[in-house]
Amino acid sequence: MKIAVLQFPGTNCEFETLVAVKAVGMDGEIFRWNRPAGELSGFDGFVIPGGFSYQDRLRAGVIASKEPVMSALKEEAGKGKPIIGICNGFQILVETGLLPGSANHNGVGSEKSCGNVEMALAQNVMISQGKIVRRGYYCDWVNLRHEAPSKRCSGSFAIERGALLKIPIAHGEGNLVTTTPGLIKKLNDEGQVVFRYCDKNGRIINEFPFNVNGSTESIAAICNEQGNVLGMMPHPERAFFAWQLPAFDPRKQRTDEPGPGRRVFESMKRYIEVNA
Amino acid sequence: MSMNQKINLRVWLKIPDAEAATVKNTLIRRMGYGNVLADVKKERLFSIEVDSGDPAELAKSFAKELVNENKESHIVLIDELQFEEGYVPVKVALHIEDGEAISIRERLRSRLGFENVADVKKATVWKLYFDTLKPEAQMAAREIAEKLLINPHKDSYEIMS
């Protein structure tokens, strides 16, 4: 079971992501963007880690989305292989059209599969009591509620619906917006909303500080229709071990325990085992 | 009838613009525009609406706040927005709320005391230089805007020539 952790110029979470991949028992390696793209077919799954690919020039994720490696990744997605995009990885998947991916399932390699961009991850706008209280880059620990049924999505395959995870975010552009009519309803109806930001009890409160970036309906992560491609703004690799948790979390002292982010990588492994 | 005047500040880097270079590189090497596209340059555009005062004097004050003269040049255009011949200017702006423009407006009004500032809009102008004739160039510019320069869920664009 071999995972490619994609590295673009400006990616900065590839090494800890690879640690997480290997710690759950998968094999993996860092795959540089300028390697022959066809070599991707030798892998069983893919992670696009966080960072600032191409320094977020033009807008986050768009320059990386035009690289040949992303065309090859679309083909691998079409085979049902799991892909997890974390933070900048999510932004790249959106700009590629792989997420939410409604326009992509009519034939990999066709003109249509080149991807209609159906949404944007826009600049953060933090709203509280109807007023904008903050804008721009923000990093913090957030609570996430798992919204999809278990087994719906590769990156949350082994997570039960309603589970709460505490995972950090760190981004300036995570505000999910769309002008595609009916897209949000479709994502809700078809179980493609995977995580939402919530309070510590799991309540969805659609304003700052619970909704940390102004994202529509507090959406933090979505998957494609088939469920094999997941994009999430929070960083599970930064909450993989209990010792990575913040000082105020009592689990930090239980160094033998896994962190909540581990469940995302365990899910990916389980998804591959089941679908092999 | 509104008597507001619009001060347009066109601002560009004197040093090489890495973002413009990346866009040019992507268009030529990744998106197949190598046979028509000669160069890409970029400007920031601030459009500041004022309801009183001498716009030429105000423009000098605004430029001090918004332009870093160590690395940037600028020109001021009052109640007009013109671009030179030789390239296709594509203006890209957010159609969702622009937090940076609001911040600039509030900074000018509340912190710096320019209470005559009625509105601030911000955009990026991509200057696309083509090797083709104007009709083809304009068509290519539209295509480039839609395929790369904007995400239609948050940005809109306008060809300014």
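The values are calculated or read from the model by the stated rules, or taken from the named source; none is laboratory data. It should be emphasised that the depicted structure is a prediction, and the values quoted were computed from it without experimental measurement. Cβ placement follows ideal geometry from the backbone for every residue including glycine, while neighbour counts extend to all protein chains displayed.
Screening B:A123 on (1) surrounded by 20 or more Cβ atoms within 10 Å (Cβ to Cβ); (2) in a helix (DSSP H, G or I) shows it passes everything except condition (2). Looking only at residues of segment A:255-276 that are over 21 Å from A:I48 (Cα atoms) and surrounded by 12 or more Cβ atoms within 10 Å (Cβ to Cβ), we find that the one that is nearest to the chain's Cα centre (by Cα) is A:P258. Cβ separations smaller than 8 Å between residues 6+ apart or across chains give no pair from segment A:223-252 residues that are at pLDDT below 95 to residues that are assigned to a helix (DSSP H, G or I) and of a type in the set (V, I, T). If the condition is being within 12 Å of chain B (Cβ to nearest Cβ) and under 24 Å from the mean Cα position of the chain (by Cα), then segment A:123-139 contributes A:Q123, A:N124, A:V125, A:M126, A:I127, A:R134, A:R135, A:G136, A:Y137. Only one of the numbered conditions (1) assigned to a strand (DSSP E or B); (2) touching a residue at least 40 places away in the same chain (Cβ under 8 Å) is violated by A:G214, and that is (1). Of all residues in segment A:56-68, those that are more than 9 Å from chain B (Cβ to nearest Cβ) have Cβ atoms under 8 Å from Cβ atoms of residues that are buried (at least 23 other Cβ atoms within 10 Å of the Cβ) and aliphatic (A, V, I, L, M), 6 or more apart or on another chain, in A:A60/A:L121; A:G61/A:I92; A:G61/A:L93; A:G61/A:V94; A:G61/A:L121; A:A64/A:M70; A:A64/A:I92; A:S65/A:I92.
Can you confirm whether B:A56 is more than 30 Å from B:A38 (Cβ to Cβ), without any contact (Cβ under 8 Å) to a residue 60 or more places away in the chain and more than 14 Å from every other protein chain (Cβ to nearest Cβ)? For B:A56, the condition - more than 30 Å from B:A38 (Cβ to Cβ), without any contact (Cβ under 8 Å) to a residue 60 or more places away in the chain and more than 14 Å from every other protein chain (Cβ to nearest Cβ) - is met.
Given the criteria outside any helix (DSSP H, G or I) and either more than 14 Å from the chain's Cα centre (by Cα) or surrounded by 15 or more Cβ atoms within 10 Å (Cβ to Cβ) (or both), does B:L77 qualify? Show your work before the answer.
Working: outside any helix (DSSP H, G or I): yes; either more than 14 Å from the chain's Cα centre (by Cα) or surrounded by 15 or more Cβ atoms within 10 Å (Cβ to Cβ) (or both): yes.
Yes; evaluated as a whole, the condition is true for this residue.
B:R109 meets each of the listed conditions (1) assigned to a helix (DSSP H, G or I); (2) under 28 Å from A:I63 (Cβ atoms); (3) away from chain A (no Cβ under 14 Å) apart from (2). Being in a loop (DSSP other than H, G, I, E, B), under 19 Å from A:V117 (Cβ atoms) and away from every other protein chain (no Cβ under 12 Å) is the filter here, so list the residues in segment A:162-180 that pass it. Matches in segment A:162-180: A:G174 only. Residue pairs whose Cβ atoms lie under 8 Å apart, separated by 6 or more positions or on different chains, with the first residue in segment B:81-98 and on the phi > 0 side of the Ramachandran plot and the second surrounded by 13 or more Cβ atoms within 10 Å (Cβ to Cβ) and modelled with pLDDT of 95 or more, are B:G86/B:Y129. For segment A:163-173, the criterion of a residue being closer than 30 Å to B:E100 by Cα and without any contact (Cβ under 8 Å) to a residue 60 or more places away in the chain is satisfied by no position.
When residues in segment A:225-276 are screened for being among the aliphatic types (A, V, I, L, M) and either assigned to a loop (DSSP other than H, G, I, E, B) or more than 21 Å from A:R161 (Cα to Cα) (or both), 5 of them pass.
Looking at segment A:186-220, which of the residues that are of a type outside the set (S, T, N, Q) and over 19 Å from A:M126 (Cβ atoms) is surrounded by the fewest Cβ atoms within 10 Å (Cβ to Cβ)? Of everything passing the filter in segment A:186-220, A:D189 is surrounded by the fewest Cβ atoms within 10 Å (Cβ to Cβ).
Considering only residues that are within 14 Å of chain B (Cβ to nearest Cβ) and among the aromatic types (F, W, Y), look in segment A:29-55 and name the one that is nearest to A:Q226 (Cα to Cα). First the steps, then the outcome.
Step one: filter segment A:29-55 for residues within 14 Å of chain B (Cβ to nearest Cβ), giving A:33-34, A:37, A:52-55.
Of the ones still in play, those that are also among the aromatic types (F, W, Y) are A:33, A:52, A:54.
Working: A:W33: 25, A:F52: 28, A:Y54: 29 Å.
Out of the qualifying residues, it is A:W33.
Might you check whether a residue that is crowded, with 18+ Cβ neighbours inside 10 Å, of a type in the set (G, A, S) and farther than 19 Å from B:I96 by Cα occurs anywhere in segment A:224-238? Yes.
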